[in-house]
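Here the structure comes first, spelled out in structure tokens, and everything after it is commentary.
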Amino acid sequence: MIGCYVSPSRSLADYEKYLDRVTDCAAACLPCPLIVLGDFNGHSRAWGNTRDNLKGDTVLEWAAGLDLRLVNRGSVSICVRWQGEFVVDLTATPAAMRILSAWPVADSGGRDGSTTRRWCLKRLDKERLEATACVADWPNAEDVLSEPEIRANWFRETLMPIRDVSIPPAGLLKCGAMHWWLAEIAELRKVCFLSRRQ
């Protein structure tokens, strides 16, 4: 797998140079099954955007040159911000297409009208992030998760608590919640405060 991110501020010439470097990386991986995914900051109706632009056309031509096939279907956004919504750009080699049955974007996280939470990445606690990630992996260190869907679910369920511990929510003061803080403990705390007031 190759993960990509191209800044939207790059000129078209820099954009093409970046894609050339990804080509070199991809060439070293072939003929193994290869998946290239990420945010190319190019727009194309081919992968669910509402419009096309020059960078999107460039990505399509580049992908065709590597015989990469578009895997994602639909137009579910992976990122919703005040600047707009973004759809994942994802391609795979023919060899990878044989092992992928579907690649849907989970349609959840605030699209039902509820407020989505934001995180203050500037206040990321790297030490806490590393420690929590190590602890989260201990029970599964010996396990071999053979099914990709089981791996993906485990990954998603593991990342959320790690994020909650190491990155404070945006707009809120850093509170004293610890790595062991759970919803049940928060509920017990409320009951305790109520009992004390009574």
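Every read-out reported here was derived from the displayed coordinates using simple, explicitly stated rules and does not represent laboratory data. Values in this document were obtained by computation on a predicted structure and should not be read as measured data. Here Cβ is always computed from backbone atoms with ideal geometry, including for glycine, and neighbour counts include all displayed protein chains.
Tabulated results
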read-out: FRET efficiency estimate (nearest 0.05) - Cβ-Cβ, PHE155 to PHE193, R0 45 angstrom; value: 0.80
read-out: Order by protection proxy (mean Cβ within 10 Å, highest first), peptides 32-41, 48-57; value: 32-41, 48-57
